[in-house]
Amino acid sequence: MKNTSIWNEYELPKYDSLKNNNECDVLIIGGGLSGVSLLYHLKNSGLKVILVERNRLGRGVTSRTTGKLTYFLDNVLIKVKKRKGISKAMS
Ligand SMILES: Cc1cc2nc3c(=O)[nH]c(=O)nc-3n(C[C@H](O)[C@H](O)[C@H](O)COP(=O)(O)OP(=O)(O)OC[C@H]3O[C@@H](n4cnc5c(N)ncnc54)[C@H](O)[C@@H]3O)c2cc1C
């Protein structure tokens, strides 16, 4: 069984380091799901937006996500952890 995240199998774009001072209206720090989503939503705003990432795009917590959209997951997992232990809750 695979034990690596499928999110890490995709090669995301790489960009050069900033070499000069730059000015912008919005500076987004971090190229995970939050930062990239914000960048996407500001794309047509007319604002000058710069996103900086200290490592690789999408390789932080974002690369570990299971990608589910749900609002009650945390509550369910807390109950499973209490009854069955952490390994069952994480599986
Ligand atoms: C095992 C697991 C399963 C999950 N499953 C789900 C799920 O099913 N559904 C769901 O909705 N969510 C899930 N999540 C949560 C979700 O993955 C995170 O909430 C989300 O990815 C966080 O995104 P982020 O952009 O805030 O953080 P990150 O992806 O961590 O991005 C932050 C980025 O900021 C960069 N950074 C930090 N400091 C600096 C700095 N000083 N300068 C420049 N860059 C910096 C980091 O290098 C990193 O790339 C899960 C999380 C885990 C761990």
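Values computed for the structure shown
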| read-out | value |
| --- | --- |
| Dipole in debye (nearest 20) - the chain, about Cα centre, beta carbon charges: Lys, Arg +1; Asp, Glu -1 | 800 debye |
| Charge dipole of the chain about the Cα centre (unit charges at C-beta), most positive-ward option of Y15, T65, L77 | L77 |
| Amide H contacts under 5 Å for L51, placed H, 5+ residues apart | I28 |
| Rh (Kirkwood; distinct C-alpha pairs) - region 1-47, Å | 13.5 Å |
| Most mobile of S34, S17, S63 in a GNM of the chain (Cα contacts under 10 Å) | S17 |
| Rg(Cα) / (2.2 N^0.38 Å) computed for region 13-91, rounded to two decimals | 1.55 |
| 5 angstrom amide H check on G32, placed H, neighbours 5+ away | G58 |
| Alpha-carbon centroids, region 76-90 and region 16-40: separation in whole Å | 37 Å |
| Length gained when the stretch V52-L18 is fully extended (0.36 nm per residue, less Cα-Cα span) | 11.4 nm |
| Cα-based helix-to-principal-axis angle, 73-84 vs the chain, degrees rounded to 10 | 30 degrees |
| Set of aspartates and glutamates with alpha-carbon distance to K2 below 19 Å, sequence-local pairs under 8 removed | E11 |
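The numbers here are math on the coordinates, done by the rules we state, and not lab data. These numbers were taken from a predicted model, which means no experiment stands behind them. Cβ sites come from the backbone with ideal geometry, for glycine too, and all protein chains shown count toward neighbours.
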